[in-house]
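*Asks:* Okay, here's the structure, questions in a sec.
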Amino acid sequence: MSTNLPEQFLDFAPYVKWIHPTMEGRLELRLASTYDEMKELYDVMLPRIEEVLEFLDRYELGKIPEDAENLLYLSYSFLNSVSCVEYYHSTRIPMGIEHERLVMCDPSDFF
Amino acid sequence: MNKPTSIKKPSKGTWTDAAGLGKERVPVTGCTSPDYFEQEVGHIFKKSWLCAGREQEIPEIGDFIVKEYKAMKTSILVVRGRDSKVRAFHNVCSHRCNKLKWDSSGHSARLTCKFHGWTYSLDGKLMSVPDEDQFFDLDKSSYGLAEISAEVWEGFIFINLDPNPGQSLEDYMPNFYHGLKGYPFHEMTRCYAWQLELNCNWKILKDAFSEIYHVPFVHNLSVADTFANKSRPMAHGVHFDVFQNELRMSFWGNPDYVPPAATAVTYKHGPSIVKRGDDASDLPEFMNPTKIPNWAGDLMQVFPCFHITLTANSYIYLNYLPVSVDKMLWELRYYARPAKTHAERFSEEYAAIALRDSILEDTRTVEYTQSVLSSGAKTHFTFSDQEALVRGHHEMTQRWAGPYPDPK
């Protein structure tokens, strides 16, 4: 899988490790990270997130070139950083049970 | 009898009184006694309507799902037949009683046992038996699969393990059955689904999801501010109904809530279970019974283990499945309208993340509760008026399965 990004978002290049196509995969990346790493992703992307969404909305769902799709997946990882930074101040849930115990069912089962 | 009814709280009364509930403390033994658990299995779970999922999981003829009911020691196969009807069968071959379908979902033109190839049609009739002439007077017409009752309401598939259910689904849950007609379940087809095995009695988790009282404490880092503000620090439920087999709490959302920066972006573009201020005027009259302007949602439960929390933009589906007296399987799903743009899809992803993360807060307390419940330190639970649904559920349980054992 490539990690190319659209030209106007090349400054996100240091964060391409957060690109992952599945929700479970993105959660694993979050849980394997430090809070400071999540905070950095949050700080870098928040000021440009509306610009990112505007860019992505040039494309129809399911008809998106690979570099823009990578940006989409990166924006989903940003959402994990939102939970960590705006609420829990941690990559995990301080008074909660572990994320690892949740089994996410394949969403395709339910369409 | 099927007209939706709502309890009216007397001006100086309590919800507990209005619902005709008691006020005494409730023994913990209903959640700790293995014998009582077996009574629940026999008198509740083998007799009542259980939700097995959504019709959209089996859209095509031959699509099937398998539901494992560990406490009831059975596996149920739910199949869409050639006539498009949804049927449910015990997932057991008539030959040597092998489990027929091993996958949790799939598609089959016919149902073939992997053991010796006995093959059934989608409506459960035995079609073919390999080496049939080696059997003795085998009358195939009397060897169909064991069918159980299945009904579909608003796209939810309900099954009943009782060979002769005492009530139709409509008579079992008349208020929701009719009152929720018009809620856009059929539009909210985008689904995020999780399962979680928890070390607690099924009622302990259900109790935790039947009141708002815990929210300012358990969710103080996350969603508490969306429910409470200075004028309503305890975020009281605004209306409670305890019907025969149905329970409902309507709750208020904090209109002063200001979401943090990135959360606000997600609310701008898409759904969220804790987003406030959506227009609810198109929803069925039965919902938001007090017609408050800052209505957030209606939490609805059908005894014993079906739960939906409906908001104007999306809903949560919960199923509390017993495994043993101190173990359960929880099904949690988030349903929303499918996104039409990437920005909406982005917001929907966040709604699912936020739900997933906040329910992990709830699930710690329930396991800690169960871990000390058998200690004998405390013999009873105490419920406030805001916990009327919790009490209502415990009273329903005892109506079906008998009084909780004496804790002394």
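Since every read-out is calculated from the coordinates, none of them should be taken as a lab result. Values in this document were obtained by computation on a predicted structure and should not be read as measured data. Ideal geometry is used to build each Cβ from the backbone, glycine not excepted, and the neighbour counts take in all protein chains shown.
*Asks:* Which value results when the Cα radius of gyration for the stretch B:1-136 is divided by 2.2 N^0.38 Å? The partial results should precede the final answer.
*Replies:* Numbers: Rg = 22.0 Å, N = 136, 2.2 N^0.38 = 14.2 Å.
Compactness ratio reported: 1.55.
*Asks:* Apply the Karplus parameterisation 6.51 cos²θ - 1.76 cosθ + 1.60, with θ equal to phi minus 60°, to every residue of the stretch B:148-153 and state each ³J(HN,Hα) to the nearest whole Hz, in sequence, with x for glycine and proline.
*Replies:* 10, 5, 9, 9, 10, 10
*Asks:* Partner chain Cβ atoms within 10 Å, averaged over the residues of A:54-63 - can you pull that number for me?
*Replies:* Numbers: counts 2, 1, 5, 8, 1, 2, 3, 7, 0, 0.
The mean count of partner-chain Cβ atoms within 10 Å per residue comes to 3.
*Asks:* Which of the aspartates and glutamates could a cross-linker span from B:LYS8 if the Cα-Cα distance has to be under 13 Å and same-chain partners fewer than 8 positions apart are dropped?
*Replies:* B:ASP17, B:ASP241
*Asks:* Take A:GLU86, A:GLU100, A:GLU40 and order them by how many other Cβ atoms sit within 10 Å, fewest up front. Could the numbers behind the result be given before it?
*Replies:* Details: A:GLU86 19, A:GLU100 10, A:GLU40 16.
Result, fewest neighbours first: A:GLU100, A:GLU40, A:GLU86.
*Asks:* What's the extension gain from B:ASP131 to B:ILE61 if we count 0.36 nm per residue and subtract their Cα-Cα distance?
*Replies:* On the way: separation 70, 0.36 × 70 = 25.20 nm, distance 2.86 nm.
Working it through step by step, the gained length comes to 22.3 nm.
*Asks:* Please express the Cα-Cα pair-distance distribution P(r) of the stretch B:189-291 as a list of whole percents, one per 10 Å bin, running from 0 to the bin with the greatest distance.
*Replies:* P(r) for the stretch B:189-291, in whole percents per bin: 11, 36, 40, 12, 0.
*Asks:* What number, in percent, do you get for the relative contact order of chain B if the mean sequence gap of Cα pairs under 8 Å and at least 6 apart is divided by its residue count? Don't skip to the answer; put the middle values down first.
*Replies:* Working: 791 pairs, mean separation 89.4, N = 408.
22 percent.
*Asks:* So, in nm, how far is label B:HIS186 from label B:ASP406 when the simple model puts each one 7 Å beyond its Cα toward the Cβ?
*Replies:* 5.6 nm
*Asks:* Any idea what angle helix B:388-401 forms with the longest principal axis of chain B, computed on alpha-carbon atoms, 0 to 90 degrees, nearest 10?
*Replies:* Once rounded, the angle reads 30 degrees.
*Asks:* Here's another thing I want to ask about it. Go through the stretch B:199-207 residue by residue and turn each phi into a ³J(HN,Hα) via Karplus (6.51, -1.76, 1.60, θ = phi - 60°); whole Hz please, and just put x for glycine and proline.
*Replies:* 8, 7, 5, 4, 6, 5, 5, 4, 4
*Asks:* Further question: Average partner chain C-beta neighbours within 10 Å, per residue of B:334-347?
*Replies:* Values: counts 0, 1, 0, 0, 2, 1, 3, 6, 16, 8, 3, 7, 10, 2.
Counting Cβ atoms of other protein chains within 10 Å of each residue's Cβ and averaging gives 4.
*Asks:* On the principal axes of its Cα set, how long, how wide and how thick is the stretch B:70-175? Give whole Å, largest value first.
*Replies:* Principal extents (Cα only, largest first): 54, 29, 27 Å.
*Asks:* Only counting other Cβ atoms within 10 Å, I'd like B:ASP241, A:ASP43 sorted with the fewest neighbours first. Intermediate results must be reported in sequence, preceding the final value.
*Replies:* Numbers: B:ASP241 26, A:ASP43 11.
The order, fewest Cβ neighbours first, is A:ASP43, B:ASP241.
*Asks:* While we're on this one: Give a residue-ordered list of calculated ³J(HN,Hα) values for the stretch B:270-287 (Karplus: 6.51 cos²θ - 1.76 cosθ + 1.60, θ = phi - 60°; whole Hz; x for Gly, Pro).
*Replies:* Here the 3J(HN,Hα) series is x, x, 6, 5, 10, 6, 10, x, 5, 6, 10, 5, 8, 6, x, 3, 4, 7 Hz.
*Asks:* Then there is this: Using the eigenvalues of the Cα gyration tensor, what equivalent ellipsoid semi-axes result for the protein assembly as shown when each is taken as the square root of five times the eigenvalue, whole Å, largest first? It would help to have the intermediate numbers written out before the result.
*Replies:* Numbers: eigenvalues 292, 212, 94 Å².
Square roots of five times the eigenvalues give 38, 33, 22 Å.
*Asks:* I'd like the isolated cysteines in the protein assembly as shown, meaning no second cysteine's beta-carbon lies under 4.7 angstrom from theirs.
*Replies:* For the protein assembly as shown, the answer is A:CYS84, A:CYS105, B:CYS31, B:CYS51, B:CYS97, B:CYS191, B:CYS200, B:CYS305, because their Cβ atoms have no other cysteine Cβ under 4.7 Å.
*Asks:* Kindly state, as a whole number, the per residue volume in cubic angstrom of the convex hull around the alpha carbon atoms of the stretch B:188-231. It would help to have the intermediate numbers written out before the result.
*Replies:* Numbers: hull volume 6.3 nm³, N = 44.
Roughly 142 Å³ of hull volume per residue.
*Asks:* Say each of A:SER90 and A:ASP43 gets a label point 7 Å from the Cα, pointing the same way as Cα to Cβ; how far apart are those two points in nm?
*Replies:* About 2.2 nm separates the two model spin labels.
*Asks:* If each Cα of chain B is one equal point scatterer, what is log10 of I(q)/I(0) from the Debye formula at q = 0.12, 0.14 Å⁻¹?
*Replies:* Result of the Debye calculation: -1.01, -1.32.
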